Amino acid sequence: MRISELFTKTSKLAPSDEVAKNAQLLIRAGFINKEMAGVYTYLPLGKLVLDNIITIIREEMNSIGGNELSMTALQSKEVWETSGRWSDDVIDVWFKTKLAGGSEVGLAPTHEEPLTNLMKNFIHSYKDLPVYPYQFQIKFRNELRSKSGLMRGREFWMKDLYSFSRTQKEHDVFYEKISNVYQRVYDRLGLGESTYKTFASGGSFSKYSHEFQTVSDVGEDTIYIHEGKKIAINEEVFTDEVLADLGVTREELVAKKAVEVGNVFTLGTKFSDALDLHFTDEDGTSKKVFMGSYGIGPSRLMGLIAEHFADDKGLVWPVNVAPAKVYLVRIGDQDAVKQADELYDELTGRGITVLYDDRNVRPGEKFADSELMGIPYRVTVSERLIADNQYEVTERSSGETILLTHNDLLDKLS
RNA sequence: CGGGGUGUGGCGCAGUUGAUAGCGCGCUCGGUUUGGGACCGAGAGGUCGAAGGUUUGAGUCCUUUCACCCCGACCA
């Protein structure tokens with residue numbers, strides 16, 4: 001993409017109504033736009049980042065048999081009344097409105113009910129199990145107070161996968177499998193080292209649920225980390241009993257602030273009971289489907305990654321989620337234009353994503369923008385370098401600059 | 001929802017004891033520049049969140065209201 005064709009602009013000044021670093025930088029760099037508190041538009045560059053995060057999650061969900069679908073945000077109240085969760089006393093973040101005819105509808109804050117209801121059309125036999133439908137969907141939650149930029153919005157992207165299993169035993173196997181896959185997602189996003197599988201409160205069907213918590217000062221949760229076992233305990237279940245369960249002592253744990261970047265939960269038959277989702281087992285008897293739910297918030301992850309890696313010059317995206325791998329800076333006329341154009345075509349032709357700064361502005365502005373946007377590799381083509389047949393490559397994360405020949409450059413970026 | 005704070009050109013801000021708004025960035029035009037957000041000159045752009053009120057006169061005072069931010073509570 002050529003910067004000259006990009007409609008967004010960068011800004012030296014951060015908006016005064018944002019304090020969160022992720023929102024300030026993402027807005028300054030032109031990745032998002034604030035519509036209202038907790039509600040953000042994804043601009044072209046931000047959309048690329050969000051899509052990259054979603055793609056990674058999608059690949060991992062598909063690797064364990066996930067079936068992607070897309071459910072509706074608009075929800076009729078009936079199915080929610082069946083489970084008792086239409087009431088504002090039970091779910092206090094509902095956005096509700098009415099159809100023209102007067103019937104009440106809500107904007108989905110989650111999808112257990114409609115999906116369980118949907119699966120009644122397809123699950124009848126033990127042969128139909130297990131299945132793992134999932135989706136990427138905008139969830140709506142009328143938070144009393146949204147904050148921290150992309151980290152806690154009223155409208156946000158969520159990957160929610162639900163498991164439908166024949167038995168708890170079968171469920172437990174999948175639960176373990178998807179937990180491992182979640183960790184792989186965080187690894188690919190560059191957050192692996194600082195993300196911990198964390199014990200949290202369970203429900204009627206399991207003593208614990210698990211959250212994936214990434215250590216960060218902007219976190220809303222406090223977790224107690226056991227570095228040796230690479231696990232953690234959420235403050236909400238930080239008791240002697242839990243410590244004993246996990247075979248750890250208080251002395252071995254360190255308290256840290258963390259951001260919840262995912263959760264896995266054993267639902268059991270809570271929803272299959274409420275909505276009567278059953279199947280005929282091998283022995284001819286009717287049984288309730290055993291369920292689990294598994295969430296990851298791509299938009300929250302985007303905010304966290306932005307905040308986590310940023311430095312005083314701006315954003316620093318891991319290569320896997322960056323809107324482009326290369327920021328091509330062109331300095332000079334004629335020869336520089338010719339060489340930069342050729343390099344742009346060549347890199348793009350090789351499948352390397354490039355943001356080509358073809359604007360007629362001074363070099364300093366291009367350098368500053370490349371840093372603010374956080375593109376992993378900055379490649380500079382200038383008249384000064386053409387004479388020596390060299391390209392300058394600066395790595396965003398380290399700031400290190402090296403000079404490379406054309407072939408070495410291609411090797412470096414491939 | 002409780003407490004605190006803020007709303008003035010696109011963005012960031014200043015406006016002293018009330019007298020129909022000013023700066024920086026950005027933008028437009030001309031020129032000089034061109035390896036770290038250049039410089040000179042000339043311009044465009046706001047009636048001060050909204051409504052009501054006090055006053056000869058309100059961005060400045062009063063009332064109501066909306067929005068946004070922070071702390072807390074809440075977080076299926």
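Computed from phi, the 3J(HN,Hα) profile of the range A:114-130 under the Karplus parametrisation 6.51, -1.76, 1.60 (θ = phi - 60°) reads x, 6, 4, 4, 4, 5, 4, 6, 10, 10, 10, 10, 4, 5, 8, 10, x Hz, with x in place of Gly and Pro. For chain A, carbon and sulfur atoms together expose 48% of the accessible surface, with a 1.4 angstrom probe and every protein chain in place. Over the range A:201-274, the reciprocal of the mean inverse Cα-Cα separation, the Kirkwood hydrodynamic radius, stands at 13.2 Å. Stokes-Einstein, applied to the Kirkwood radius of the range A:83-136 over Cα pairs at a viscosity of 1.306 mPa s and 10 °C, places its translational diffusion at 118 µm² s⁻¹.
Each of the peptides A:305-311, A:35-41, A:133-139, A:256-262 was scored by the mean count of other Cβ atoms within 10 Å over its residues; in descending order, highest first, they stand as A:256-262, A:305-311, A:133-139, A:35-41.
Taking A:236, A:112 and ordering them by how much accessible surface each has at a 1.4 Å probe, largest first, produces A:236, A:112.
Give me log10 I(q)/I(0) at q = 0.06, 0.13 Å⁻¹ for chain A, Debye formula, one equal scatterer per alpha-carbon, no solvent. Values returned for q = 0.06, 0.13 Å⁻¹ are -0.30, -1.13. When you work out D = kT/(6 pi eta Rh) for the range A:1-155 at 20 °C and 1.002 mPa s, using the Kirkwood radius from C-alpha pairs as Rh and the Stokes-Einstein form, the result is 117 µm²/s. A compact globular protein would have a Cα radius of gyration near 2.2 N^0.38 Å; the ratio found for the range A:334-414 is 1.02. Percent of Cα-Cα pairs more than 18 Å apart in the range A:294-346, please. Looking at the range A:294-346, the distances longer than 18 Å represent 53 percent of pairs.
Histogrammed with a bin width of 5 Å, the alpha carbon distances of the range A:89-185 distribute as 2, 10, 15, 17, 17, 15, 12, 7, 3, 1 percent, first bin at zero. Between the Cα long axis of helix A:168-188 and the first principal axis of chain A there is an angle of about 10°, rounded to the nearest 10. In chain A, the calculated helix contribution to ellipticity at 222 nm averages -9000 deg cm²/dmol per residue, counting -39,500 (n - 2.57) for every DSSP H run with n ≥ 4. Legend: P(r) of the range A:359-398 from all alpha carbon pair distances, 5 Å bins from 0, whole percents, reading 6, 23, 26, 25, 15, 5. Placing unit charges on the Cβ atoms of the charged side chains and taking the dipole of chain A about its Cα centre, the candidate lying farthest along the positive direction among A:247, A:286, A:90 is A:90. Cα-based radius of gyration for the range A:159-226, normalised by 2.2 N^0.38 Å, reads 1.23. Compute the angle between helix A:363-373 and the longest alpha-carbon principal axis of chain A, please, reported from 0 to 90 degrees and rounded to the nearest 10. Its long axis makes an angle of about 10 degrees. Only beta bridges with both residues in chain A are counted; by DSSP, about 80 percent of them are antiparallel. Take the Kirkwood radius over Cα pairs of the range A:45-128, plug it into Stokes-Einstein at 10 °C and 1.306 mPa s, and you get 103 µm²/s for translational diffusion.
Based on protein heavy atoms only, the range A:179-262 ends up with 45 Å² per residue of surface accessible to a 1.4 Å probe. Over the range A:259-395, the reciprocal of the mean inverse Cα-Cα separation, the Kirkwood hydrodynamic radius, stands at 18.8 Å. For the range A:1-44, the equivalent ellipsoid derived from the Cα gyration tensor has semi-axes of 20, 12, 7 Å, listed largest first.
Cross-link partners for residue A:287 among the lysines, with Cα-Cα distance under 26 Å and sequence neighbours closer than 8 places in the same chain left out: A:120, A:127, A:169, A:177, A:207, A:270. In order along the range A:49-58, the Karplus-derived 3J(HN,Hα) couplings, from 6.51 cos²θ - 1.76 cosθ + 1.60 at θ = phi - 60°, round to 5, 4, 5, 5, 5, 4, 4, 4, 5, 4 Hz, and Gly and Pro are given as x. Axis of helix A:335-349 versus longest Cα principal axis of chain A: the two differ by about 30°, to the nearest ten degrees.
In the range A:312-380, a dipole from Cβ-located charges (positive for Lys and Arg, negative for Asp and Glu) runs towards its positive end, and of A:372, A:317, A:347 it is A:317 whose Cα lies farthest in that direction.
Provide the net charge surrounding residue A:211, with neighbours chosen by a C-beta distance below 12 Å and charges set as Lys +1, Arg +1, Asp -1, Glu -1. Spelling it out: positives minus negatives among the neighbours equals -4. The dipole here belongs to chain A: it is taken about the Cα centre, uses +1 on the Cβ of Lys and Arg and -1 on the Cβ of Asp and Glu, and is about 600 debye.
Each residue of the range A:234-330 gets 231 Å³ once the volume of the Cα convex hull is shared out per residue. Under 5 Å from the amide H of residue A:68 lie the amide H atoms of A:134, each residue being 5 or more positions distant or on a separate chain, with H modelled from the backbone and absent for Pro and chain starts.
The values are calculated or read from the model by the stated rules, or taken from the named source; none is laboratory data. Note that this is a predicted model, so its numbers are computed, not measured. Virtual Cβ from ideal backbone geometry, glycine too; neighbours counted across all protein chains shown. Areas reflect the complete protein model, heavy atoms only, side chains present, ligands, DNA and RNA absent. Shrake-Rupley method; radii C 1.70, N 1.55, O 1.52, S 1.80 Å.
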